[in-house]
Amino acid sequence: MNLDTDFRFNLTSLAGAFSTDDDHTTGSSLAQEDVESDVLAAYKRALIQSAVRSRHPSSSSPTSSTPPNDADPATATGANEPAPHPLTLRRDRHSSYLTRATTSLSSSMTSLSASRPWIVYWLLHATDLLSRGDPLPEPLRLRAATTVLRFQHPSGGFGGGVGQRPHLAATYAAVHALGLTRDTHVWERVDRAGMYRFLMRCKQPDGSFVVCEGGEVDLRGTYCALTVARLLNIVTPELTDKCIDFIARCQSHDGGLAAIPHSEAHGGYTFCGLAAALVLGQAHMLDLDALLGWCIRRQMPLEGGFQGRPNKLVDGCYSWWVGGVFELLDAAFTLRDGRQGSSKQERDTEASLRPSMAWNRQALQEYILLACQSDRGGLIDKPGKYPDPYHTCYVLSGLAAAQYAYDVVADDQGLGVRFVSREGEVCVVGPVDNLLHPVDPIHNVRPDVVEEMGGLFRKRPLDLETLKGE
C-alpha cells in the first residue's frame with residue numbers, strides 16, 4: 001500500500017487539534033503545547049506544499065525558478081524540475097550525515113566515550129537501512145571491525161572502549177555491529193567461550209542479569225545477554241533458567257515492563273522484556289493483552305509518534321522502542337494461540353485481529369517524515385532538536401517497522417522464533433522510494449544478518465558442558 005497524498009489532517013482540522021489541560025496549566029502541559037505547536041507547524045507547511053505541488057506539479061514555485069535568498073539549496077528546484085514531495089525521506093542527506101559522523105563527531109558525543117560500540121552500531125545500522133541494496137562499503141566495514149574488536153575483553157564480552165571492563169549493553173552493540181560487517185572472518189574472532197563465561201558471571205540466581213560484574217540488575221541486561229547468546233549459539237538451560245520469571249515480575253500494573261520489578265513501565269524496557277521472552281519461547285507468561293493496551297496508549301493522537309511513558313512528550317526514538325513492539329506482540333499472540341502453522345488464507349482472515357493492526361502506521365510515518373528530519377541531515381527527537389547517531393538509528397528503525405508486516409514461522413534453525421516479511425504487504429507513506437529495508441523485530445538489524453551469523457555458529461557448536469566446569 002502506497003499512501004502518496006493522504007494526510008490525517010487538513011488545514012481546517014489543524015485549528016482545533018490542540019490538546020487541553022482543563023484550565024490547569026503545569027510545566028508539563030506547557031511543554032506539551034510547545035511540542036504540539038511545532039509539530040502542527042510542520043504539518044501545516046506540508047499541507048501547503050502539497051497544495052502548491054498539486055496545482056503546479058512541474059515546479060516548486062508557480063511564478064519563478066529562482067529560489068528565495070533563504071531557500072535551502074539542497075531542496076530548491078528550478079522551473080522545470082518537479083517540486084519535492086512533502087513526505088519525502090531525504091535519503092541522500094541522511095546518508096551524507098552518517099558518512100560525516102564516521103569521520104568526525106560533535107563535541108557533545110564525548111559523553112559517550114564509554115559507549116563506543118553503540119556509536120558504531122548506530123552508524124552502521126542506519127547506513128544499512130538507507131542503502132539501496134548495495135552492501136556497506138568495504139572500508140567502512142573494515143574500520144568498524146577493527147575498532148570494535150579492540151573492545152573485546154580478555155575475560156570475555158566487550159567493553160565500552162579499549163581496556164574497559166565488559167558490559168552487557170556494550171557487548172550487545174559490539175556483536176550486532178560486527179554482524180553488520182557481514183564478514184565471517186570477523187565473526188570468528190569473537191571469543192564465544194569467553195562470552196559464555198561472561199554472561200554466566202552476570203547471571204543472577206533469580207533469573208535476572210547484572211549489566212556488568214558488580215553492577216545493577218536491569219531488564220535491558222536480560223535482553224542483551226539473550227540476544228547475544230542467540231546469535232552466537234551459546235544458549236544453555238543454565239543461562240536461561242528463571243529468566244522468564246524475572247521478566248514477568250517486571251511487568252507493571254498498567255501492562256508495560258519496567259527495568260526491575262515494582263518500577264514504572266517504560267517503552268525501552270517493554271521492548272527488551274518482550275523480545276527476550278520471545279527468545280525464550282515463553283512470551284505467553286506475560287499479560288499480553290495488558291501489554292498491547294499499554295503500547296496502544298503510547299501513540300500520541302496529534303503528533304502520531306510515540307511517548308516512552310504516560311504523560312511524557314513524543315520522542316522519535318520510541319518509533320522503534322514502542323512502534324517495534326507491535327510485531328513482537330503479533331508473534332507472541334500467534335504462538336500463544338497456536339496459529340503459526342495456519343494456512344495463508346487463515347492468516348489473511350485473522351490479519352484484522354493482529355496487534356500490529358491496532359496502531360496507526362501512517363501517523364507514525366507522517367511524524368517521522370514531517371517532524372523528525374533535520375535539514376542538515378540525520379534524524380531527530382522532535383522539531384527544534386539536533387540530529388545525533390542514536391536518533392538517526394532508531395527513528396529509521398521505527399520507520400521500517402511501520403512499513404513492513406511479518407509472519408512468525410516455525411523455526412528449524414535453532415532461533416526459537418523467526419520472522420518473515422509478509423509478501424506484498426508494505427505500507428509506504430509518501431513516495432515509494434521511502435521504503436527502507438526490513439529489520440528483524442528482535443535484533444534490529446536486517447534479517448540476513450541474523451540468519452547468516454546465527455547460521456554460521458549453529459554449524460560450529462561449542463562444548464558448553466566443558467565450559468560449565470571451568
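The values are calculated or read from the model by the stated rules, or taken from the named source; none is laboratory data. Since the model is a prediction, treat every value here as computed from it, not as a measurement. Here Cβ is always computed from backbone atoms with ideal geometry, including for glycine, and neighbour counts include all displayed protein chains.
Has region 92-114 got any residue that is assigned to a loop (DSSP other than H, G, I, E, B), modelled with pLDDT of 95 or more and out of contact with any helix residue (DSSP H, G or I) (no Cβ under 7 Å at 6 or more places or on another chain)? Write out each step before concluding.
Here is the first cut: in region 92-114, the residues assigned to a loop (DSSP other than H, G, I, E, B) are 102-106, 113-114.
Cutting the leftovers down to modelled with pLDDT of 95 or more gives us none.
Checked against the condition, which is being assigned to a loop (DSSP other than H, G, I, E, B), modelled with pLDDT of 95 or more and out of contact with any helix residue (DSSP H, G or I) (no Cβ under 7 Å at 6 or more places or on another chain), region 92-114 yields no hits at all.
Are there helices (runs of 4 or more DSSP H) fully within region 237-335 with at least 1 residues that are among the basic types (K, R)? List them.
243-249
Residue under question is L219, and the condition is that it be surrounded by 21 or more Cβ atoms within 10 Å (Cβ to Cβ) and closer than 27 Å to V322 by Cβ; does it hold?
Yes: the conditions hold for L219.
Within region 100-114, which residues are in contact (Cβ under 8 Å) with a residue 12 or more places away in the chain and either among the β-branched types (V, I, T) or surrounded by 20 or more Cβ atoms within 10 Å (Cβ to Cβ) (or both)?
A101, T102
Yes/no matrix, rows are residues, columns are (1) surrounded by 20 or more Cβ atoms within 10 Å (Cβ to Cβ); (2) at pLDDT 95 or above:
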| position | (1), (2) |
| --- | --- |
| C224 | yes, yes |
| I247 | yes, yes |
| P261 | no, yes |
| L278 | yes, yes |
| A283 | yes, yes |
| R297 | no, yes |
| Y318 | yes, yes |
| G323 | yes, yes |
| F333 | yes, no |
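Just checking, which of L232, L274, L219, L278 is within 19 Å of A332 (Cα to Cα), under 23 Å from the mean Cα position of the chain (by Cα) and touching a residue at least 60 places away in the same chain (Cβ under 8 Å)?
L278
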